[in-house]
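Colleague: Sharing a structure, written as structure tokens. Questions coming.
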Amino acid sequence: AASTQCDLALFGALGDLAQRKLFPALFQLERAKLLHPQTRILALARQEVDEEAFKAQTLERFKALLPKNDLDDAALKRFFGKVRFQQLDFGDAEGYRRINEWRGDSEDPLIVYMATPPAIYGMIGENLKGADCIQPSTRVVVEKPIGHNLESSFEINDRLAEFFDESQLYRIDHYLGKETVQNLIALRFANNLFATQWNQRYISHVEITVAEKVGIEGRWGYFDKAGQLRDMVQNHLLQLLCLIAMDPPSDLSAGSIRDEKVKVLKALKPITPDLMETHMVRGQYTAGNIDGKPVPGYLDEEGANEGSSTESFVAIKAEICNWRWAGVPFYMRTGKRMPQKLSEIIIHFKPAPHYIFDPDQKHLANNKLIIRLQPDEGISLQVLTKDQGLDKGMRLRQGPLQLSFSEAFNTGRVPDAYERLLWEVIKGNQYLFVRRDEVEYAWRWIDQVIEGWAELGLPPKKYPAGSWGPVASIAMITRDGRSWYEDA
Ligand code: BG6
């Protein structure tokens, strides 16, 4: 379709993000024949390498990252046929002429992907403008972190706004590109069954777990200044929370969805210093074992500052102050060096108002909806049925009504988040991207949490690598008579 015709200029083409995620994703789009035959990709990097070397290096990464079967020669040939490499010092205003030379008289929309540190988004915008590369049809994709607090996010967003309209900006949160995250929208708003139950009358609490096995992967410089709260909660977890908690949008447009998400962020109850003790746990991993192999503690990682009190784990009990969610805690936890890579959301429904079965099974009697993002994307609803066998009487049994996407639909591979998000940018669809006010309301809430911590001056609680976080994070939820869900 003509509407997917575009040129793509990618700044930071030799960086980790571009090499690990963006080029493989673009290749997969080409393999699926989604890139328009006329689409061209300009890879821009500071480094002095020639085009052949760039392509060879990128191909090597494909071989390391993608399944062998995906690397079909015809698709590779088509893909690399679209790619040009251009060395560019991003501060060299004059050099941006080369982008125009590459564009020639093309009138296709230009998509600019800034896979660079946010500190230079403004400079790139300014130089693009100076070289007359920006048209109303231009789209710009930027990555997190948009600042490290509200104030710095203002600076970055203000700079971008000097050169681009909000309708041209695509702020990536790659969690929004995950298959199950989008399914959450379908599940909630296409199934009246759930829609009618989705509030404080029927839901007791919600859990969001985003556990990672990896440590900080050589990113000490970045991570130690950020910490897990800024790196994961401000964006990914709050985005998940918004999609679970938002009111039904009136349509699927970016404006409608983002308006509803913002309302959730505005309704988050501040975690003031007096709540810190009961609503928040910060952790830092010590040496331990992952998959039976010893791994170093956070403070022993390469380049570590031994006195660091940055957190690699956070658990938060969040509350949303509105009619739908009053009294329903959202327990969130995320950490590095946990026993498995697992992201899931669990909606706990309240028990039936009157219970008539075995008293000793009463604790079973509430439904849970489990929404699994990774691994094994799927949705499962825990329901109670009668146990089989004449001797069982009316004993209850809890089991899943299950929908495993791979088993049920056999649709082959699940596209990576970046494939989906790049495809949406190409189509000019902003609904899976984060609007400026969302970033800002999220920071507002995070900032006061961070200030509260600072005020109390408490060090993070230790947890051994390979565990589910500090004991205090378990205490946080048991205090409310609940526990973190464990897969049986
Ligand atoms: C990134 C964070 O945004 O998300 C990383 O900066 C984190 O620290 C990563 O490891 C997790 O993403 P995923 O898709 O592997 O769950």
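Yes or no, residue by residue, for (1) within 20 Å of the chain's Cα centre (by Cα); (2) more than 16 Å from the ligand (Cβ to nearest atom):
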site	(1), (2)
Arg159	no, yes
Glu162	no, yes
Glu166	no, yes
His174	yes, no
Gly177	yes, no
Val181	yes, no
Leu184	yes, no
Arg188	yes, yes
Asn191	no, yes
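Colleague: Let me confirm something: among Lys33, Lys77, which residue is open to solvent by 70 Å² or more (accessible area, probe 1.4 Å) and assigned to a helix (DSSP H, G or I)?
Modeller: Exactly one of Lys33, Lys77 is open to solvent by 70 Å² or more (accessible area, probe 1.4 Å) and assigned to a helix (DSSP H, G or I), namely Lys77.
Colleague: Regarding the range 342-356, can at least one residue be identified that is in contact with a strand residue (DSSP E or B) (Cβ under 9 Å, 6 or more places away or on another chain) and on the phi > 0 side of the Ramachandran plot?
Modeller: Within the range 342-356, none of the residues are in contact with a strand residue (DSSP E or B) (Cβ under 9 Å, 6 or more places away or on another chain) and on the phi > 0 side of the Ramachandran plot.
Colleague: Are any residues in the range 139-152 buried (at least 20 other Cβ atoms within 10 Å of the Cβ) and either assigned to a strand (DSSP E or B) or away from the ligand (no atom under 16 Å from the Cβ) (or both), and if so, which ones?
Modeller: Arg139, Val140, Val141, Val142
Colleague: Given Trp453, Trp484, which one is outside any helix (DSSP H, G or I), open to solvent by 10 Å² or more (accessible area, probe 1.4 Å) and at negative phi?
Modeller: Working: Trp453 fails: outside any helix (DSSP H, G or I).
After applying the criteria, what remains is Trp484.
Colleague: Further question on the same structure: Pick from Asn305, Asn289: which is surrounded by fewer than 13 Cβ atoms within 10 Å (Cβ to Cβ) and either touching a His at 6+ places or on another chain (Cβ under 9 Å) or more than 30 Å from Lys261 (Cβ to Cβ) (or both)? Reasoning before the result, please.
Modeller: On the way: Asn289 fails: surrounded by fewer than 13 Cβ atoms within 10 Å (Cβ to Cβ).
The unique qualifying residue is Asn305.
Colleague: Any residue in the range 406-419 that is part of a loop (DSSP other than H, G, I, E, B) sitting within a Cβ distance under 6 Å of a residue that is at pLDDT 90 or above? List the pairs, counting only those 6 or more apart or interchain.
Modeller: Every condition considered, the pairs that remain are Asp416/Ala25.
This table checks each residue for (1) under 20 Å from Gln430 (Cβ atoms); (2) touching a strand residue (DSSP E or B) at 6+ places or on another chain (Cβ under 8 Å); (3) outside any helix (DSSP H, G or I).
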site: Ala161; (1), (2), (3): yes, no, no
site: Asn183; (1), (2), (3): yes, yes, no
site: Leu187; (1), (2), (3): no, yes, no
site: Phe194; (1), (2), (3): no, yes, no
site: Trp198; (1), (2), (3): no, no, yes
site: Arg201; (1), (2), (3): no, no, yes
site: Ser204; (1), (2), (3): no, yes, yes
site: Glu207; (1), (2), (3): no, yes, yes
site: Asp224; (1), (2), (3): no, no, no
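Colleague: Please pick out the residue among Leu364, Leu381, Leu369, Leu373 that is in contact (Cβ under 8 Å) with a residue 40 or more places away in the chain, closer than 30 Å to Phe405 by Cβ, out of contact with any helix residue (DSSP H, G or I) (no Cβ under 6 Å at 6 or more places or on another chain) and not basic (Lys, Arg). Quick ask: steps written out before the conclusion?
Modeller: Numbers: Leu364 fails: in contact (Cβ under 8 Å) with a residue 40 or more places away in the chain; Leu381 fails: in contact (Cβ under 8 Å) with a residue 40 or more places away in the chain; Leu373 fails: out of contact with any helix residue (DSSP H, G or I) (no Cβ under 6 Å at 6 or more places or on another chain).
The unique qualifying residue is Leu369.
Colleague: Inspect all residues belonging to the range 105-124 and state whether any of them is free of Cβ contacts under 8 Å to residues at least 60 places away in the same chain, over 23 Å from Trp443 (Cα atoms), outside any loop (DSSP other than H, G, I, E, B) and open to solvent by 20 Å² or more (accessible area, probe 1.4 Å).
Modeller: yes
Colleague: Restricting attention to the range 242-272, report how many residues are away from the ligand (no atom under 16 Å from the Cβ), in a helix (DSSP H, G or I) and among the aliphatic types (A, V, I, L, M).
Modeller: 8
Colleague: Give the number of residues within the range 198-227 that are near the ligand (Cβ under 10 Å from one of its atoms), touching a His at 6+ places or on another chain (Cβ under 8 Å) and open to solvent by less than 10 Å² (accessible area, probe 1.4 Å). Talk me through it step by step, then tell me what you get.
Modeller: Quick first cut of the range 198-227, residues near the ligand (Cβ under 10 Å from one of its atoms) only: 210-217, 219, 222-223, 226.
Filter again for touching a His at 6+ places or on another chain (Cβ under 8 Å), leaving 210, 226.
Retained after the next criterion (residues that are open to solvent by less than 10 Å² (accessible area, probe 1.4 Å)): 210.
So the count comes out to 1.
Colleague: Take the range 334-365 and flag every residue that is in a loop (DSSP other than H, G, I, E, B) and either at pLDDT below 90 or away from the ligand (no atom under 16 Å from the Cβ) (or both).
Modeller: Lys350, Pro351, Ala352, Pro353, His354, Tyr355, Ile356, Phe357, Asp358, Ala365 - these are the residues of the range 334-365 that are in a loop (DSSP other than H, G, I, E, B) and either at pLDDT below 90 or away from the ligand (no atom under 16 Å from the Cβ) (or both).
The values are calculated or read from the model by the stated rules, or taken from the named source; none is laboratory data. Computed from a prediction, not measured in an experiment: that's the story for all the values here. Backbone-built Cβ (ideal geometry, glycine too); neighbour counts: all protein chains shown. Side chains are part of the model used for accessible areas, which takes the heavy atoms of the whole protein and leaves out ligands, DNA and RNA. Shrake-Rupley method; radii C 1.70, N 1.55, O 1.52, S 1.80 Å.
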